[in-house]
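> Right, I'll just put the structure down here and ask away after.
Here, each number is a calculation from the coordinates, and none is a lab measurement. Please read all numbers here as calculations on a predicted model, not as lab measurements. As a convention, Cβ positions derive from the backbone with ideal geometry for all residues, glycine included, and neighbour counts pool all protein chains shown.
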Amino acid sequence: MSMIRDTLAKVRQRIRDAAQSAGRHADSVGLLAVSKTKPAEQLREAFASGQRDFGENYLQEALGKQVALADLPLVWHFIGPIQSNKTRALAEHFDWVHSVDRLKIAERLSAQRPSHLPPLNICLQVNISEEPSKSGCLPEEVPALAAAMAALPHLRLRGLMAIPAPSTDPTTQRAAFARLRQLQAQLPLPLDTLSMGMSEDLEAAIAEGATWVRVGSALFGARTAPATAADTAP
């Protein structure tokens with residue numbers, strides 16, 4: 001318990017310091033605890049230290065944790081690549097999906113969102129560094145995709161998400177995040193979310209307007225287990 005409490009306190013202090021340096025209020029930046037491969041008990045410990053939002057990359061693993069932690073009022077975010085055969089479970093069991101990069105996926109999520117639930121919060125994932133191996137739409141595709149997704153009835157397009165090419169240079173980090181911020185600012189839509197920044201670059205992301213930072217290793221330590229076969233199946 002003490003380890004997770006301490007790492008949460010350290011990350012929250014990093015967020016506060018970065019927000020202050022950027023002239024922002026710390027409350028304008030949400031901490032999304034990336035809990036992939038971590039056991040449900042560690043999420044329970046994080047909850048006891050005040051953490052409510054958790055990000056998962058692997059669907060079957062996440063669903064198991066949701067059952068184990070059903071007694072807690074957690075907010076579940078999906079942040080991994082999306083396969084078409086997983087959209088129904090995502091639509092039924094998550095509050096947010098940050099990694100929507102195709103209109104087909106958005107349409108399926110909208111059609112499969114249960115009517116008794118509020119609209120599913122989504123982010124359009126952008127391949128901001130234009131890496132061939134990275135998920136996400138290209139920057140020039142953003143206006144048309146965002147407009148189409150915003151019109152779907154059971155979704156709420158909240159903003160953009162990106163995972164830039166890794167860099168240890170703060171100037172390079174900020175340039176990628178600034179590009180995402182500028183893309184969003186050009187959209188004629190009421191968007192309020194920039195999901196960007198991780199353990200290694202959250203300061204640069206906050207300086208450029210991040211509203212969610214996705215932090216895993218700085219909270220829970222290095223990844224400890226592989227994804228299940230069900231999660232890696234096509």
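> Using R₀ = 45 Å, calculate the FRET efficiency as 1/(1 + (r/R₀)^6) where r is the Cβ-Cβ separation of residue 168 and residue 95; round to 0.05.
0.85
> Taking H placed 1.01 Å from N in the peptide plane, check which residues at least 5 places from residue 155 or on another chain put their amide H under 5 Å from its amide H.
Under 5 Å from the amide H of residue 155: 120.
> For residue 38, give me every one of the lysines with a C-alpha distance below 30 angstrom, ignoring sequence neighbours fewer than eight places off in its own chain.
Within reach: 10, 65, 86, 134.
> To continue, here is another question. Residues with beta-carbon under 14 Å from that of residue 16, excluding residue 16: net charge, scoring Lys, Arg +1 and Asp, Glu -1?
Spelling it out: positives minus negatives among the neighbours equals +1.
> Per-residue HN-Hα couplings for the range 155-160, Karplus 6.51 cos²θ - 1.76 cosθ + 1.60 at θ = phi - 60°, whole Hz, x for Gly and Pro?
So the J values, rounded to whole Hz, are 10, 10, 6, 9, x, 10.
> Computed FRET efficiency, Cβ-Cβ of residue 71 and residue 13, R0 41 Å: what is it to the nearest 0.05?
0.90
> I'd like the Karplus ³J(HN,Hα) series for the range 122-130: coefficients 6.51, -1.76, 1.60, θ = phi - 60°, whole numbers in Hz, and an x wherever there's a Gly or Pro.
Taking θ as phi minus 60°, the curve returns 10, 10, 8, 7, 10, 7, 5, 9, 6 Hz for the range 122-130.
> Related question: Highest GNM mean-square fluctuation, the chain, Cα pairs closer than 10 Å: which of 109, 31, 138?
Comparing 109, 31, 138 in the GNM, the peak value goes to 138.
> While we're on this one: Multiply the residue gap between residue 41 and residue 189 by 0.36 nm, knock off their C-alpha separation, and tell me the result in nm, one decimal place.
49.3 nm
> While we're on this one: Non-local amide H neighbours of residue 34 (under 5 Å, H modeled in plane, Pro and chain starts lacking H): which ones?
Here 55, 215, 216 satisfy the definition.
> Comparing 204, 106, 40, which has the greatest mean-square fluctuation in the GNM of the chain with Cα pairs linked when under 10 Å apart?
For the chain, modelled as a Gaussian network with Cα springs under 10 Å, the answer is 40.
> Work out which helices of the chain, taken as complete DSSP H runs, extend at least 24 Å along their axis over the Cα atoms and score a mean Kyte-Doolittle of -1.0 or more, then list them.
Going by DSSP H runs, the hits are 2-21.
> Each residue of the range 28-34 in turn: what ³J(HN,Hα) in whole Hz from Karplus with 6.51, -1.76, 1.60 and θ = phi - 60°, glycine and Pro shown as x?
7, 10, x, 9, 9, 7, 7
> If you don't mind, another one. What's the FRET efficiency of residue 3 with residue 27 using the Cβ-Cβ distance as r and R₀ = 25 Å, to the nearest 0.05?
Efficiency, from the Cβ-Cβ distance: 0.45.
> Choose one answer from 32, 124, 72: the residue with the largest mean-square fluctuation in a GNM of the chain with alpha-carbon springs under 10 Å.
Most flexible of the set in this elastic network: 72.
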